[in-house]
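Below you'll find the structure, written out as structure tokens, and then a few comments.
The values are calculated or read from the model by the stated rules, or taken from the named source; none is laboratory data. Being a predicted model, the structure only gives us computed values, none of them experimental. All Cβ positions, even for glycine, are placed from backbone atoms using ideal geometry, and neighbour counts span all protein chains on display.
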């Protein structure tokens, strides 16, 4: 994810430094970059955290989904941050309140949840906290929109955010249908790719429900699950 985010911003002709402790990954990524001259002008790989932080105005943390690893990284970067630098996490798991707790840059920390592949999927879920600096989220959202991203700012800090909770709800029902012997895995996937997947790419669930008569739909749903 971190690599995909770095490539996305480099394609926008922004100076990007990608930091990783794994030198083998850095070498492999650097080799891949050699064939992309236009991106290579803007993207640098390093295992030197100080070098990565020295000129950064926006830091996007994409470490493993391990709270201890993330919090250690935050401790490491805290004394290296430029004044006013924004720190964001690409987490899809942890609430912001947990990540920012005890961090000296807590008021300048948010979540910017990109989706894989980050350089192709436009949605970015943005999460803020009641202690987030006023105007920060709006500035980040405006910044992302410049490059074709579609930011959605959540009104509350909740586990899983929006997209993953919707995906989990679909997966739970899909598992129930398989376990109940109603349809096999392949057929359920087919139902999704040949109907709902196509429709949802054009309109969200509320818009589709509205087109079909949302009052009637709500009544039908209540009856079905009563």
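So, residue 163, is that one surrounded by 14 or more Cβ atoms within 10 Å (Cβ to Cβ) and either farther than 17 Å from residue 114 by Cβ or touching a strand residue (DSSP E or B) at 6+ places or on another chain (Cβ under 9 Å) (or both) or not?
Numbers: surrounded by 14 or more Cβ atoms within 10 Å (Cβ to Cβ): yes; either farther than 17 Å from residue 114 by Cβ or touching a strand residue (DSSP E or B) at 6+ places or on another chain (Cβ under 9 Å) (or both): yes.
Yes, satisfied.
Of the residues that make up the stretch 168-186, is at least one closer than 21 Å to residue 66 by Cβ, at pLDDT 95 or above and in contact with a helix residue (DSSP H, G or I) (Cβ under 9 Å, 6 or more places away or on another chain)?
The answer is no, given that none of the residues of the stretch 168-186 is closer than 21 Å to residue 66 by Cβ, at pLDDT 95 or above and in contact with a helix residue (DSSP H, G or I) (Cβ under 9 Å, 6 or more places away or on another chain).
Given the options 56, 18, 6, name the one that is surrounded by 14 or more Cβ atoms within 10 Å (Cβ to Cβ), touching a strand residue (DSSP E or B) at 6+ places or on another chain (Cβ under 8 Å) and assigned to a loop (DSSP other than H, G, I, E, B).
56
Of the conditions (1) farther than 25 Å from residue 132 by Cβ; (2) out of contact with any helix residue (DSSP H, G or I) (no Cβ under 6 Å at 6 or more places or on another chain); (3) without any contact (Cβ under 8 Å) to a residue 24 or more places away in the chain; (4) surrounded by 13 or more Cβ atoms within 10 Å (Cβ to Cβ), residue 73 fails just one. Which one is it?
Of the numbered conditions (1) farther than 25 Å from residue 132 by Cβ; (2) out of contact with any helix residue (DSSP H, G or I) (no Cβ under 6 Å at 6 or more places or on another chain); (3) without any contact (Cβ under 8 Å) to a residue 24 or more places away in the chain; (4) surrounded by 13 or more Cβ atoms within 10 Å (Cβ to Cβ), the odd one out for residue 73 is (1).
Would you confirm, using the coordinates I've provided, whether residue 124 is closer than 26 Å to residue 5 by Cα, assigned to a helix (DSSP H, G or I) and in the same structural domain as residue 100 (by TED's automatic domain parsing)?
no
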